[in-house]
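The values are calculated or read from the model by the stated rules, or taken from the named source; none is laboratory data. What you see is a predicted model, and the numbers here were worked out from it, not measured in a lab. Glycine gets a Cβ as well: all are built from the backbone with ideal geometry, and neighbour counts include every protein chain shown. SASA here: full protein model, heavy atoms, side chains in, ligands and nucleic acids out. Shrake-Rupley method; radii C 1.70, N 1.55, O 1.52, S 1.80 Å.
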Amino acid sequence: MPHRLGPMQTLPSPMRRFKENETVDYCIVGVGSAGGVLVQRLARAGFRVVGLEAGPFWDTEKDWVSDEKGSYELYWNDLRITGGTHPLALGANNSGKGVGGGSVHWAAFAPRFHPSDFRVYSEDGVGVDWPMSYWDLKPYYELLEREIPVAGPAWFPWGDPHGHPYGPHPLGGVGDVLVRGCTNLGIRSVAGGPVAILSASHGDRPHCIYRGFCIQGCKVGAKASTLITHVPDAISHGAEIRAHAMASRVSLREDGRVDGVFYFDREGKEHFQRSRAVIVSGYAIETPRLLLNSACPGHRHGLANSSGTLGKYLMAQAGDVVAGRFEELIRLYKAPPAHALSEEFYETDPRRGFARGFAVQTVGPLPVAFAKQMVAAIGAWGWGMRRVMMDYNHWATLGVLGEILPWEENRVELAEEKDRHGLPVAKVTFTLHDNDKKLIEFGKNKVMEIMWAAGAKQVVQESRFAHLVGASRMGSDPSTSVVDKFGRTHDIPNLFVCDGSILPTQGSANPGLTIQALAARTADYLIKQGDNIFFSNRRDLTEPGIRYDLSPPYTKFKGNPRIA
Amino acid sequence: MSRKSFPYKATGGEQRDLSQPGYYAGYSTMAQKKNWEEATRTLVTKRVEQTLAIRFFSQEQAALLAAVVDRVMPQDDRTEGRTIPILSILDERLHKNSLNGFRYEDMPPDQEAYKLAIQAIEEMAQERFRESFPDLSVHRQELILKSLHDGKPEPENSIWQRMPVHRFWAMLMEDCITAYYSHPWAWDEIGFGGPAYPRGYMRLENGLPEPWEKDEQRSEWNAPVDSLSELEEDSAPPEHGSLHGHGGSH
Ligand SMILES: Cc1cc2nc3c(=O)[nH]c(=O)nc-3n(C[C@H](O)[C@H](O)[C@H](O)COP(=O)(O)OP(=O)(O)OC[C@H]3O[C@@H](n4cnc5c(N)ncnc54)[C@H](O)[C@@H]3O)c2cc1C
Ligand code: SF4
């Protein structure tokens, strides 16, 4: 049986296998949202690339199911410790394990960051500015929107207004509630996207069938994940993806350059992959963990941590869920959870008394997830739980997505506990600050107001957090950041970080599209620099210029509409 | 599953046995299984047919926890052959030590947490009512569990000083809910469409049923009238916010 990636696509075969002692150009740790794009670009440009992925190489027909409980394996379920005043729920709350990483279970909301997100310190006096601007990233947003591709309205009015290459999706019951509630309050909303889900077929990927299991991994292949958008093309161009390969340590040579990565295979046997450069793309928790675990003489506090900021400035977004009970039936399980939103409250409004803002988005919890929300929101248990769940089809759910600022004390460290390979696990500490609390309070009340305005008879809410980023942030000052604007660590010229952990701030847009756009830009930079990366310590900070010839198939002939 | 619940106090009504509680009479997700793809069909069918032996808990621990589960996720309204296994699913998780990806720094490991909680609940029953928890009347069992739910264990027990009661409660609820609402009989009860690949849905708006779904027919459900676990008017959300995973969200 061929290895299936959706009902129509199969994994290109055979995949190249590098020999145990062969040196590759790039060893990429983690084939997730960012790693998948990097592997593909670098392979297309002719580099010898290996992607080490801790989890399995999914065969979507065999391994994935239309079932909540049965999708347990998609997540990073290994032990992590969580603490602080507002400890974050991890596991299914934040990251994936397996080729595709978090893009396998993301809801695929794909809004861009706003231009203001890159300058929050200049504009609002909070957080930090990015060492780059929105306009540096814009061409990559457009390109990725065509590659994965993104469906949505032809006119998206917020931030830098733009349109989407694929048409919007039909509205489900929850989107209807969002649009109705917003309209009654005079708030602008959009429906049918932006979401990285196909509204029409694309090459060997069928369009959405509205079954609502996006977070369980889309068996249909309609929802984008790097597993199906970029990894097949990477393999066609000679990359090797080594699944069940858990990186344990990046190896540093005496001359201060890295020369490869140690990893454990499925059986727990240790190997070494020699490479001329290393990119860590393991997610905002595992990336700092790996670099901290790679401490060695000269880098006692972790690799690339001369600034002492590795692991710090971890961010989440406020993700409060507001549930409203309606007289009429909603059936919130139909249609993708991600399909309508408003960014009307995104930027700072001085009248509100806090900096920055939030978005309002549809969410679509399936029964188990919804029951958990009822535990948190109304303390349901026993007969009360049975009763409220019998009304499952009468509820609609909307999410706040609020910006939480970067704070030094919110961080990833190493815990005393060890995993099965004997590696210290991550300890995550998270505490809200004054601005965050005010923002959350305002955001949740606003979304409750929208729910009432849509006609709900009862409105409840649950506080929660989503989307961890930061912890290896980029910046121009090597004493306050870990990497430069291309993801190159300030300390080690051939060691890069490229994933959500390099984000200095996160706005109130879901981070996935931005993470992939940044990965494509870093890849262009590496390709432009060529062999310099492997031999030279010179740091060139000029923009590489975008390459349009390295996209996966079916990207050509698609456009980004602009209806002014 | 102990079926000794009714009447609860003096006022409890007689409980009818229902093969399918809920407002979707005649709706069956399993009847649709020929329309599901193989991996899902195999998984869900196994869930309905399998019986798992208790391997993690001792007999006494299992008996006590079974009594807890019967109140936390009560099924007295379901006929004998249509009750959904919960304890065995929880036992399996702990037996395999499969984690949900994290542990609060103030919590012991999951396996230990359950053992401690079982001990605490039994001690609370003995101290308050001089009887073992499984032997208590339903009302007394609920009194003890409600105090855990409210985060104010009554009577106090030193174990809850070592392990935050609200965190244990959230984990217990998560385990029970996951077992119950991942079972197709629960999907029938709440009118959820169940697996839908490769067929998908075509009626997205206005809560309309697919041709193979059923419309809702509301009727009075014969839940006991005096259970302490009924929904309270204006029940406030617990202070501690989200304590669990993020499935189904953005
Ligand atoms: C339920 C849910 C819904 C979401 N919905 C959205 C959404 O709608 N829109 C959006 O933009 N974002 C969404 N997100 C967030 C999104 O999934 C992440 O932000 C994104 O995937 C992060 O990308 P990344 O490249 O940083 O890491 P990941 O995509 O997590 O990739 C990291 C990869 O590295 C691997 N890895 C880690 N450590 C090692 C190691 N030591 N050795 C080998 N491999 C390793 C991991 O197994 C993983 O595959 C959602 C998240 C969740 C949990
Ligand atoms: S709703 Fe669409 S994108 Fe989501 S899982 Fe179903 S087919 Fe895939």
Positions from the stretch A:455-470 whose accessible area shrinks by 40 Å² or more when the full protein complex is built, not the chain alone, probe 1.4 Å: A:Arg464
Probe 1.4 Å, accessible area per residue of the stretch B:9-241, Å²: 44 Å²
Alpha carbon centroid spacing (whole Å) that separates the stretch A:16-74 from the stretch A:161-176: 30 Å
Accessible area buried at the B-A interface, both sides summed, 1.4 Å probe (Å², nearest 100): 7300 Å²
Lysines whose Cα lies under 18 Å from that of A:Lys269, excluding same-chain neighbours fewer than 8 positions away: A:Lys19, A:Lys418
Selected from B:Leu65, B:Leu43, B:Leu87 as most flexible by GNM, with chain B as the system and alpha-carbon contacts under 10 Å: B:Leu43
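Calculate the dipole size of the stretch A:342-469 relative to its Cα centre from +1 charges on Lys and Arg beta carbons and -1 charges on Asp and Glu beta carbons; express the result in debye to the nearest 20.
520 debye
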Relative packing of A:137-150, A:347-360, which averages over residues the other C-beta atoms within 10 Å, highest first: A:137-150, A:347-360
Charge dipole magnitude, Cβ of K and R +1, D and E -1 - the stretch B:162-222, Cα centre, debye nearest 20: 300 debye
Protein-protein interface of the stretch A:296-333, residues with accessible area decrease of at least 30 Å², isolated chain reference, 1.4 Å probe: A:Leu329, A:Arg331, A:Tyr333
Where chain A is the region considered: accessible area per residue in Å², 1.4 Å probe: 30 Å²
Average partner coverage of A:217-226, which counts Cβ from other chains inside 10 Å: 1
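Taking Cα pairs under 8 Å and at least six residues apart, what relative contact order does chain A come out at, in percent?
Taking the mean separation of contacting Cα pairs over the length of chain A, I get 23 percent.
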Residue-averaged [θ]222 nm for chain A, counting only DSSP H segments that reach four residues, each worth -39500 (n - 2.57): -7000 deg cm²/dmol
Interchain or long-range residues, amide H under 5 Å from A:Gly260's placed H: A:Ser251, A:Ser275
Candidate aspartates and glutamates - alpha carbon under 17 Å from A:Lys556, same-chain residues fewer than 8 apart omitted: A:Glu142, A:Glu145, A:Glu147, A:Asp204, A:Asp233
Inter-chain shielding of A:85-91 (mean C-beta neighbours from other protein chains, 10 Å cut-off): 6
Residue-averaged beta-carbon neighbours from other chains (10 angstrom radius) around B:39-46: 4
Sequence of A:Leu79, A:Leu439 from largest to smallest accessible area, 1.4 Å probe: A:Leu79, A:Leu439
Whole-percent carbon and sulfur share, accessible surface of the stretch A:18-535, 1.4 Å: 49 percent
For chain B, calculated [θ]222 nm from helices alone, where every DSSP H run of n ≥ 4 adds -39500 (n - 2.57): -12000 deg cm²/dmol
Dipole magnitude of the protein assembly as shown about its Cα centre (Cβ charges: Lys, Arg +1; Asp, Glu -1), debye to nearest 20: 1900 debye
Solvent-accessible surface ranking, highest first, for A:Tyr313, A:Tyr134 at 1.4 angstrom: A:Tyr313, A:Tyr134
Where A:Asp124, A:Asp255 fall by accessible area, highest first, once all protein chains stay in place (1.4 Å): A:Asp255, A:Asp124
Accessible carbon and sulfur surface of the stretch B:9-241 relative to its total accessible area, %, 1.4 Å: 48 percent
Residues with amide H under 5 Å from that of A:Val65, placed H, sequence gap 5 or more: none
Between the stretch B:36-87 and the stretch B:188-204, the Cα center-to-center distance that results, in Å: 23 Å
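Could you sort out which of A:Lys138/A:Lys558; A:Lys438/B:Lys146; A:Lys69/A:Lys223; A:Lys444/B:Lys214; A:Lys97/A:Lys312; B:Lys96/B:Lys146 sit more than 25 Å apart by Cα distance in this structure?
Long pairs (Cα-Cα over 25 Å): A:Lys438/B:Lys146; A:Lys444/B:Lys214; B:Lys96/B:Lys146.
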If the convex hull is drawn through the Cα atoms of chain A, its volume per residue in Å³: 140 Å³
Minimum 50 Å² accessible area buried by the other protein chains, the stretch B:201-222 residues, probe 1.4 Å, relative to alone: B:Tyr201, B:Leu204, B:Glu205, B:Gly207, B:Trp221
